[in-house]
Every structure is written in structure tokens, then in C-alpha cells.
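J.: One structure follows; several queries about it will come next.
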Amino acid sequence: MSYLLSSDNFAKIGEFIYRKSGIYLEEAKHFDKLAKFIDKRAKDLNVDSFRKYFFKLRFEDKEGSEFQELMNGITVNETYFFREKEQFEVLANTILPELNKKMLSGKPLRILSSPCSTGEEPYSMILHILEEGTVVEQRDIEVIGIDIDSTVIAKAKSSKFTERSVHAIPKSILNRWFKKKALGYELSEDLHGTVDFKVVNVFDKAQMRALGKFDVIFSRNMLIYFDDASRKEVAMTFYDMLNPGGYVLLGHAEYMSRIVSVFNAKKIDSTLIYQK
Ligand SMILES: C[S@@+](CC[C@H](N)C(=O)[O-])C[C@H]1O[C@@H](n2cnc3c(N)ncnc32)[C@H](O)[C@@H]1O
């Protein structure tokens with residue numbers, strides 16, 4: 001198979017992607033996916049070489065729409081409801097009750113799902129918070145989901161989910177909060193709008209700052225796509241965005257101790273949480 005992309009050019013565009021998104025692509029693993037994507041975009045844009053495509057991407061993309069296409073084409077968006085569910089239990093049963101007790105009355109509890117992909121992670125938080133029941137009666141809870149990929153954010157906003165995405169939800173919860181549709185499931189209308197979804201790049205300091213301060217940040221299964229320097233940068237962004245005493249939770253294969261030492265690690269059952 002011959003592609004417009006060559007090995008030399010892979011290094012060039014790989015460096016560009018890394019600098020703008022933190023995503024570190026390895027030639028051995030990612031060449032075919034990126035090469036297919038570039039061939040498709042070149043066809044859509046009516047250009048016949050990598051050089052012309054790359055020129056458009058770097059110098060003629062004033063609105064950032066070509067960069068957005070690229071991000072939508074290369075990100076890995078795997079997610080499902082109740083993935084690593086112990087973390088949602090710790091959030092609802094331990095972290096939120098603790099923070100709720102300490103916080104001044106009238107202040108909302110703010111939670112960030114970064115990245116949220118198609119929305120299953122922040123809605124899993126909501127479902128666990130509703131099951132726990134007490135904190136949500138006493139305090140406003142704001143949940144915000146962000147992702148660099150605009151197609152997954154559009155899907156998250158649609159409140160529609162596949163059979164596969166809901167497979168780990170216990171039947172009683174599924175029946176209460178979802179409607180079965182011809183294709184998959186739709187979230188009950190009562191839950192529409194309970195998560196605020198936005199397209200945000202975690203490396204864009206201005207976009208991140210505009211989200212405000214949080215009490216809890218989930219950042220699961222994104223840092224694995226970054227190198228050490230990018231992980232450190234994002235971890236420090238999260239640190240700055242947390243209120244004092246707030247928590248970060250990472251994916252099971254991600255360890256804050258290998259990234260930065262500014263958080264205090266705590267273990268609740270088998271779940272590691274990191275406190276500012
Ligand atoms: C595997 S999904 C993880 C979703 C969810 N947190 C989970 O664990 O199920 C990784 C997501 O990270 C997003 N992502 C990658 N780089 C990003 C960046 N620089 N800023 C924001 N999101 C990013 C991708 O678009 C993708 O949807």
C-alpha cells in the first residue's frame with residue numbers, strides 16, 4: 001500500500017501533533033492509521049502531496065478546523081459506563097461526603113471529567129452520586145466533561161449510547177435511567193443537561209483556566225498517550241485548577257508518583273486518590 005505519508009514526514013507531523021496536543025505517536029504503532037487519515041483528508045481537500053496537506057494544516061488553518069479534523073481522526077476514544085467502577089464508588093461514597101462536610105454552605109461541588117470522550121465517564125459519576133443520594137440533596141453539584149475531539153463531544157451531547165457502552169451498568173440502574181431504543185439506549189430526560197460538555201485541549205492554558213476551579217478532577221486513560229514532559233505539564237495544570245484539599249483520580253495504569261510529587265496519595269480500598 002502506498003501512502004502520501006513517508007517515514008520522514010511521519011516524524012514532522014508527529015512532532016507537530018505532539019507540540020499541539022501532547023499526543024505522542026510512535027511510527028511502529030501509528031503509521032498506518034495516520035497515513036490513511038492523511039490520504040483521506042488530502043482527497044477531501046483536493047491536494048496531491050503530503051507537503052501541500054501539511055502546509056494547509058500549519059499555515060492556512062486560521063480557524064483551527066483542519067487541526068480539529070486531525071484530532072478527531074487520531075484520538076483513541078474507548079470508554080464505557082462504570083469503567084473502573086470502584087473509582088465512582090469512592091467519589092460518591094467517600095470523597096464527596098468528605099468535601100461536602102468541609103465546604104462552606106452555598107458553594108457548589110465542582111467535578112471535571114478530563115477527558116470525557118463520548119460522555120460515559122461523567123454520566124457514571126452522576127449515576128453514582130444519585131445512588132448515594134445524600135450529598136446531592138444538600139449541595140449543588142456541577143459536572144463538566146471536556147475532550148479535544150469534537151465528534152465525541154457531539155455524541156456525548158446527544159445522550160444516545162450503544163449497547164456495548166452500557167453493558168456494565170447493573171440492570172436496575174439501566175432500567176431506571178435509560179430508555180431502550182431501536183439502536184442502543186437513550187439517557188432519561190431527567191438527566192439531560194446534568195453534564196456540561198465542551199471541546200477543550202488540556203494543553204490550552206486559556207481554555208483550561210476559563211473552566212474555573214474544581215474540587216475533583218478525573219483524568220483517566222489520556223495520560224498514557226503522552227510522554228513524561230506532557231504528563232507533567234498536564235498534572236501541574238490540574239494542580240492549579242484544584243481547590244485546596246481537592247482530589248485527582250487517574251486511570252488504573254497511570255500513577256501520579258511517576259509524574260509529579262506535589263499531591264498527597266491516599267488509598268481507599270484498592271483505589272488511589274491524589275489530594276492537593
Ligand atoms: C481513551 S479516552 C478516555 C475516556 C474516559 N476518561 C475513560 O477513561 O473511559 C481518551 C480521550 O482523551 C482525549 N484526549 C487526547 N488528548 C487530549 C487533549 N490534549 N486534550 C483533551 N482531550 C484529549 C481523546 O480525544 C480521547 O477521547
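The values are calculated or read from the model by the stated rules, or taken from the named source; none is laboratory data. Keep in mind that what you see is a predicted model, and the values were worked out from it rather than measured. Because the Cβ atoms are built from the backbone with ideal geometry, glycine has one as well, and the counts that use them run over all protein chains shown. What goes into the accessible areas is simple: the full protein's heavy atoms, side chains included, and nothing from ligands, DNA or RNA. Shrake-Rupley method; radii C 1.70, N 1.55, O 1.52, S 1.80 Å.
J.: LEU211 to LYS43: extension gain in nm, 0.36 nm per residue of separation minus the Cα-Cα distance?
T.: Details: separation 168, 0.36 × 168 = 60.48 nm, distance 3.69 nm.
Once the chain is fully extended between LEU211 and LYS43, it gains 56.8 nm.
J.: Could you give the length gained by full extension between GLN275 and ASP240, i.e. 0.36 nm per residue of separation minus their alpha carbon distance, to one decimal place?
T.: Result: 11.4 nm gained on full extension.
J.: Which GluC sites (Glu not before Pro) in segment 138-205 pass both tests, a DSSP loop state and at most 14 other beta-carbon atoms within 10 Å?
T.: GLU163
J.: A further question follows. What does the charge count near ALA35 come to, summing +1 for each Lys or Arg and -1 for each Asp or Glu among other residues with Cβ under 12 Å from its Cβ?
T.: Here the charged neighbours net out to +1.
J.: Using a 1.4 angstrom probe on heavy atoms only, work out the carbon and sulfur share of the accessible area of the chain in %.
T.: Solvent-exposed carbon and sulfur of the chain make up 50 percent of the total.
J.: Among the chymotrypsin sites (Phe, Trp or Tyr not before Pro) within segment 212-276, which fall in a DSSP loop and have no more than 14 other Cβ atoms within 10 Å of their own Cβ?
T.: Those that pass, being in a loop and sparsely packed, are TYR255.
J.: Okay, moving on. Just the number please: accessible area per residue for segment 7-74, 1.4 Å probe, all protein chains included, in Å².
T.: On the way: 4060 Å² over 68 residues.
Accessible area per residue: 60 Å².
J.: For LYS102, give me every one of the lysines with a C-alpha distance below 17 angstrom, ignoring sequence neighbours fewer than eight places off in its own chain.
T.: Once the sequence-local lysines are set aside, what remains near LYS102 is LYS213, LYS276.
J.: Do you know the relative contact order of the chain, to the nearest whole percent, from alpha carbon pairs under 8 angstrom that are 6+ apart?
T.: Rounded, it is 17 percent for the chain.
J.: Now, a different point. What is the distance, in nm, between label points placed 7 Å from the Cα along the Cα-to-Cβ direction at ALA253 and at SER158?
T.: Each label point lies 7 Å from its Cα, and together they span 2.7 nm.
J.: Which lysines, if any, have their Cα less than 27 Å from the Cα of LYS181, not counting same-chain residues under 8 positions apart?
T.: Filter leaves LYS85, LYS155, LYS157, LYS160, LYS171, LYS198.
J.: I've got another one for you. Give the calculated FRET efficiency between ARG139 and ARG176 to the nearest 0.05, with a Förster radius of 25 Å applied to their Cβ-Cβ distance.
T.: 0.65
J.: What do you get for the angle between helix 7-21 and the principal long axis of the chain? Use alpha-carbon atoms, 0 to 90 degrees, nearest ten.
T.: Helix 7-21 sits roughly 30 degrees off the main axis of the chain.
J.: So for each of 57-66, 72-81 I average, over its residues, the number of other beta carbons within 10 Å; can you give me the resulting order with the highest mean first?
T.: 72-81, 57-66
J.: If you average 1/r across every pair of different Cα atoms in segment 85-222 and take the reciprocal, what Kirkwood value do you get, in Å?
T.: It is 15.6 Å.
J.: Continuing with this model, one more query. Given a cut-off of 25 Å, what percent of all Cα-Cα pairs of the chain lie beyond it?
T.: In whole percent, the share of Cα-Cα pairs in the chain beyond 25 Å is 50.
J.: Evaluate the distance, in nm, between pseudo-label points positioned 7 Å from the Cα of LEU104 and of LYS29 along their respective Cα→Cβ axes.
T.: Rounded to a tenth, the inter-label distance reads 4.5 nm.
J.: Within straight cross-link reach of LYS266, meaning Cα distance under 14 Å, which aspartates and glutamates are found once same-chain residues fewer than 8 apart are removed?
T.: Excluding near neighbours in sequence, the set is GLU98.
J.: Treating segment 7-74 as a set of equal point scatterers at the Cα positions, no solvent, please give the Debye-formula log₁₀ I(q)/I(0) at q = 0.17 Å⁻¹.
T.: -0.55
J.: Given a 1.4 angstrom probe, what's the average accessible area per residue across segment 139-276, in square angstrom?
T.: It amounts to 49 Å² per residue over segment 139-276.
J.: What fraction of the DSSP beta bridges in the chain is antiparallel, stated in percent and rounded to the nearest 5? Could the numbers behind the result be given before it?
T.: Working: 13 of 31 bridges.
Once the DSSP bridges in the chain are tallied, antiparallel ones form about 40 percent.
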